[in-house]
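Asker: Before I ask anything, here is the structure I am working with.
The values are calculated or read from the model by the stated rules, or taken from the named source; none is laboratory data. This structure is a prediction, so every number in the text was calculated from the model and none was measured. Please note: Cβ atoms are built from the backbone with ideal geometry, for glycine as well, and neighbour counts cover all protein chains shown.
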Amino acid sequence: MYHRSRFLDLVGQTSSSPQGFEISRAEGSWLYDQSGVAYLDLISGFGVSNMGHAHPAIVEAIQVQSKLYLHTNVYGEHVQNPQNQLAALLRSILPSSLHQIYYLSTGSEVIDAAIKLARSYTGRVEIVVLHHSYHGSTMAAESLRSDRAHTAHFLPLIPGVRFIHANDFEGLDKISERTALVLIEPIQAEAGVIAMDEKWLKALRSKCNTHGALLAFDEIQTGFGRTGTMFAFQNLNVIPDLLLLGKALGGGLPLAALVSSGELLASLAQSPALGYITTFGGNPLCCAAGGAHLKAMLQEEVLLGISIRSDLIRSILNNPLIKEIRIKGLFAAIEFENEKLVHSIVKKAREEHILLDSFLFRPSALRIAPPLNIPIEILEDACQRINLWIEEAR
Ligand code: PLP
């Protein structure tokens, strides 16, 4: 309690009811509290710890890089090998049109950079986004949020944002020659794992082509294996002009990026020069961690083990109180009648040392998103216990 009260006093809070979990260390799929009690992590830091905590290859890469150099200059001025190595790895697994990377530090920053790039490249203002998407908390990212009760506190928002509903063909008519950017998640995270339909996505791509609007996929939360393929769009057969990455990109350290063609990224260097500058974007320690993370994902072939784990969640969670299970890879939204049920399951799980959560725009759904390499028997046992807690919460 000593640490918790100091935390509440010394550290600014994001809400009046922080979870306040007192972490001492983390390893694999486990977080340990101050008394050494192990908690099973079924959230993965909201899409960050996809290879679990303290992966030895990531820790080693951080140690090696930290002895060479940390910060040397603002992003883009010095040649830094860790940036090249991560960029080359990404290029080797992405379509050829997404071959250059612009490093930043956080997801919200990438959203802002994508908006600036699109406005500068197209000379247009409007941005089309989905209802119930979370893209970040900076002013521009905040402006893409559809719940007006929240954004009303921060007016005025950036102008020209138009909302459409996921998979709504009529909504595509909002894309026009005034549209600079269409920015969507191929699988919406905070709406509670809502997948875009491939046909709709193809129609969206075609509208963007017709009107000369850029298409960006926010894969900040769905990237790096979370939904079963390295990136969600790879299962949907539509390639964006801009791929936005963050969270797991840095293997646990803050790193984000805009991935696109050399032609589009040149906007940030030429029209105008220094169009988006950043001190810490592409920090060498973060890039070294990110490179080790991606290399480990590929070498350990974690993607191959996702469907068996995904099927396990779906088959064990069969309580009649569950209204619907939406699951893509290891990203699951377990839908209930109301959020009260979800609250009591999350609370019970915490008492029994399992960390679960719900979704920002879908409080009636339980979030299950474990590290992709969680041992199968551990996941099986956790799902069986969750099933029991659902029964108790009835
Ligand atoms: N986009 C998506 C889909 C996210 O889930 C988030 C964060 O949760 C962001 C953008 C913003 O990222 P960050 O918190 O790193 O600014």
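Asker: With the condition being closer than 30 Å to residue 66 by Cβ, I'd like the helices (runs of 4 or more DSSP H) fully within the stretch 277-394 carrying at least 3 qualifying residues.
Answerer: Hits in the stretch 277-394: 284-299.
Asker: Here is a list: 248, 213. Which entry is within 30 Å of residue 43 (Cβ to Cβ) and surrounded by 20 or more Cβ atoms within 10 Å (Cβ to Cβ)?
Answerer: From the options 248, 213, the qualifying one is 248.
Asker: Give the residues of the stretch 252-285 that are of a type in the set (S, T, N, Q) and either in contact with a His (Cβ under 8 Å, 6 or more places away or on another chain) or surrounded by fewer than 19 Cβ atoms within 10 Å (Cβ to Cβ) (or both), sorted by residue number.
Answerer: Correct list: 261, 270, 271, 278, 279, 283.
Asker: For residues that are more than 13 Å from the ligand (Cβ to nearest atom) and in a loop (DSSP other than H, G, I, E, B), tally how many sit in the stretch 88-108.
Answerer: Here the count works out to 6.
Asker: A further question follows. Out of 333, 289, 266, which single residue is over 28 Å from residue 60 (Cα atoms) and under 20 Å from the mean Cα position of the chain (by Cα)?
Answerer: 333
Asker: May I ask you to say which residue of 35, 49, 17 is among the small types (Gly, Ala, Ser), surrounded by fewer than 14 Cβ atoms within 10 Å (Cβ to Cβ) and touching a strand residue (DSSP E or B) at 6+ places or on another chain (Cβ under 9 Å)?
Answerer: 35
Asker: A follow-up question, please. Can you name the residue in the stretch 253-276 that is under 24 Å from residue 188 (Cβ atoms) and in a loop (DSSP other than H, G, I, E, B) and is also nearest to the ligand (Cβ to nearest atom) among such residues?
Answerer: If we take residues in the stretch 253-276 being under 24 Å from residue 188 (Cβ atoms) and in a loop (DSSP other than H, G, I, E, B), then 254 is nearest to the ligand (Cβ to nearest atom).
Asker: Separate question: Among the numbered criteria (1) buried (at least 23 other Cβ atoms within 10 Å of the Cβ); (2) more than 20 Å from residue 247 (Cα to Cα), which one does residue 157 miss?
Answerer: Status for residue 157: all satisfied but (1).
Asker: Can you go through 314, 385 and tell me which one is at pLDDT 95 or above, basic (Lys, Arg) and under 27 Å from residue 33 (Cα atoms)?
Answerer: Unique residue meeting the criteria: 385.
Asker: So which residues in the stretch 119-136 are among the polar types (S, T, N, Q) and either touching a helix residue (DSSP H, G or I) at 6+ places or on another chain (Cβ under 8 Å) or surrounded by fewer than 21 Cβ atoms within 10 Å (Cβ to Cβ) (or both), if there are any at all?
Answerer: Selection gives 120, 122.
Asker: Look through 111, 187, 158 and report the one residue that is touching a helix residue (DSSP H, G or I) at 6+ places or on another chain (Cβ under 9 Å), away from the ligand (no atom under 12 Å from the Cβ), of a type in the set (A, V, I, L, M, F, W, C) and in the same structural domain as residue 232 (by TED's automatic domain parsing).
Answerer: Going through 111, 187, 158 in turn, the sole match is 158.
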